[in-house]
1. Mind telling me which of the residues B:A144, B:A210 ends up being assigned to a loop (DSSP other than H, G, I, E, B), within 14 Å of another protein chain (Cβ to nearest Cβ) and at negative phi?
2. Enumerate the pairs (first residue in region A:219-237 and touching a residue at least 24 places away in the same chain (Cβ under 8 Å); second residue anywhere and buried (at least 24 other Cβ atoms within 10 Å of the Cβ) and of a type in the set (D, E)) with beta-carbon separation below 8 Å, excluding pairs fewer than 6 apart on the same chain, so at least 6 apart or on different chains.
3. Is there a residue in region A:117-139 that is within 14 Å of chain B (Cβ to nearest Cβ) and either within 13 Å of the chain's Cα centre (by Cα) or among the aliphatic types (A, V, I, L, M) (or both)?
4. How many residues are closer than 18 Å to B:P189 by Cβ and more than 15 Å from the chain's Cα centre (by Cα) if we restrict to region B:26-53?
5. So how many residues does region A:225-254 have that are surrounded by 20 or more Cβ atoms within 10 Å (Cβ to Cβ), more than 21 Å from the chain's Cα centre (by Cα) and modelled with pLDDT of 95 or more?
6. Of all residues in region B:166-195, which are among the polar types (S, T, N, Q) and at the interface with another protein chain (Cβ under 10 Å from one of its Cβ atoms)?
7. When you look at A:I370, is it more than 20 Å from A:T483 (Cα to Cα) and either assigned to a strand (DSSP E or B) or at pLDDT 80 or above (or both), yes or no?
8. In region B:147-172, which residues are assigned to a loop (DSSP other than H, G, I, E, B), among the charged types (D, E, K, R) and at pLDDT below 95?
Amino acid sequence: MESKLYSPSLGYTGQNGDNPVNTLKPGSIVDRFELLEKLHVGGMAHIWKVQEVNHQGDSRLPLIMKVPRIKGGEDPATIVGFEVEMMILPMLRGRHVPQFIAKGDFTRQPYIVMERIEGHSLRPRLDDAPLALDEVIEIGSRVATAVHDLHRQNLVHLDIKPSNIMFRDDGTAVLVDFGLSRHDHLPDLLDEEFTLPMGTGPYMSPEQVQFVRNDPRSDLFALGVMLYHFTTGERPFGAPDSVRGLRRRLYIDPVPPRSLRPDCPPWLQEVILRCLEVQPERRYQTAAQLALDLQDPGQMTLTRRAEKLQKSGMLKTFKRWFFALGAEPANERIKVAEQLERSPIVMAAVDIDNATTALLQQLRETVRRIVLTEPGARLACVSVMKIARIGVDELVDADGRSKHVKQLVALKHWARPISKALDLGEGRLTFHVLEAPDVADALLEFSQRNQVDHIVMGARASSSLRRLLGSVSSQVVAQADRTVTVVRAPEGGDAAPAAAPGAAPHGG
Amino acid sequence: MKTAFLSDLHANREAVESVLEHARAQGAQRWVLLGDFVGYGADPAWVVDQVRALVRQGAMAVMGNHDQAVVRGSAPGMRPEARFVIDWTRAQLDANQLDFLASLPMQQQHGDQLYVHANAWAPGGWDYIQSRGDAVRSLQATEARYTFCGHMHEPKLFNLSGTGKAGDFVPTPGVPIPVPPHRQWLIIPGSAGQPRDGNPAACYALLDEATGTLTFQRVPYDHETAGAKIRAADLPQRLASRLEDGH
């Protein structure tokens, strides 16, 4: 079903004659690793459970060894994908990839030893599609978070699909198999080697079909294909096995998910169809922006995508087909990091209730300047409603609701000059009222969960109040693992209560 | 063992000092000097002495076209600016320094590594490697797994797979790149003394044999002083200004 498209002469799918692999058996020692049992026989590689020969203590990680199948006397290019993974995996860090342990080179015995991620990939869940909407959304947001983390490390995965996605016990998504990936800081060995588009048929982005290998937004297209499949039980573009079949996605749009699944909310259709846009510029610009919408759909701006119930008509499709004929993608050599830098998420933490007018103005001006410099930036305006640590059910009473709505209204009012001045279109501006006992904790958690790039917030002006109440901004600055800008009102601004009618006489 | 590869030093003392200091701090123990030690810059005698001292301690060096031109002296067919620089440079060097330059070999081999200033197919012809095709031609002219070349002032990394497919790559400074020996590699560290890719920082490359990785490095140096010396020596102004903008 998920046939890989490689030049057939390269023999990736070959089944026999792979010499060195066959000599390996349980008990064999390769460098410092002992082979325990063969876990998986794949078309391109075998997976062995291994342990370090001289392991110390029992704190050791469960390990696997991936060994490529090499067909005797064949074209050495069959193993380029393995070579690519061997180059890339050691460069990657963090919880969203298996930890790299060791590798062996092709002059002796090629292998990669890495952390074993327990459990199944997402692949079996495809058989259960359509899935419950909550699960689709959860999967989407976890995978988008993982994809963003890899993009931050200058990597485009280029083969995002359920069989390459696993989960840790705590739910963290882990991406595996970097055989088709491209790292901006390493030579792209695949770029020259093959004459067919590289990827997995159903998931390949239009630009991948056109041989573009450096656009991180390709991974968002693949993620959209996966979300579509989990939502509707069908593939948006089928499973073509020819280049001609692959090119159809350049001009034929998918059946809108809501016509296949009536209970799919309009916002989710908006998210999925936005991921599946042919032009990368019309998709989400970063996986973090996608994750933000999946986690907070109530704040999305819906477009005509959300309402579509049928495919585009013949004439529109014909027009697209005509323009797709021999179309070449814009040959812009962008780097992954540049794409991310162009599309940051800026979080404005606004203390609507307590900040002075002067501080609120200064904060607004600072945020405007920051967002202005990056046309791809998204602005999330956040305010925290302080609630008691106990008695959470007060929240749902009428008073709590109206307070929440009041905050939201005030927050939107605060941001109005920014959205007007910068013409923040299509989902570039969202509002979030958080309810939490600790303001700094809530802001930090929101920034982390939504992969915010830059926090902008005001500082309490009066030093006596800072002493009494502690400073929220200094707590955020101390604990945030991202950039924080702390804004202060210009001198004199805070001293004039008359300028801030109704506001409490202290800063945020 | 870490080996530092320096190329196209071009009589730039400030750049060479900074590169040597940086490479030593990175743990370089071996040195390979890929030619064009003189020409363009204002400190040919100092740079030649430095190269000679390193060679005495075991470094390997090859001859570049500028070194050859200075040894032979200017010829009537050259552009006036080139003749002027060559004659000026010759006048800065004593007999021993000129003898040293004259004694440099066109290429050197060390294990599976080849060192040559311009290319492997005709080292004395001084043809440039400007395309993948040129790189393939050079890689096919040698059995060596690793060819290190100067002559081109922009850092670049070419590779040739067993199937004859070639790739090229503009390296990111400071990132170790695995260079496994089942491919052939052509490594152009870029110029230490006169970078031309828009970045004025001096280039060199560091090969770490223990990890099988190659790291291209950029080292900022005092190009203002280097430029001021060029102006003070009445060498062509452009030779000074191009150090500032790296073109």
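The values are calculated or read from the model by the stated rules, or taken from the named source; none is laboratory data. Computed from a predicted model, the values in this text were never measured in an experiment. Note that each Cβ is placed from the backbone with ideal geometry, even for glycine, and that neighbours are counted across all protein chains shown.
1. B:A210
2. Pairs that qualify, where the first residue is touching a residue at least 24 places away in the same chain (Cβ under 8 Å) and the partner is buried (at least 24 other Cβ atoms within 10 Å of the Cβ) and of a type in the set (D, E), are A:A222/A:D159.
3. From region A:117-139, those within 14 Å of chain B (Cβ to nearest Cβ) are none; that's our starting set.
No, there is no match, as no residue in region A:117-139 is within 14 Å of chain B (Cβ to nearest Cβ) and either within 13 Å of the chain's Cα centre (by Cα) or among the aliphatic types (A, V, I, L, M) (or both).
4. 5
5. Final tally of qualifying residues: 1.
6. B:T172
7. Spelling it out, it is not the case that A:I370 is more than 20 Å from A:T483 (Cα to Cα) and either assigned to a strand (DSSP E or B) or at pLDDT 80 or above (or both).
8. Across region B:147-172, the qualifying residue is only B:K165.
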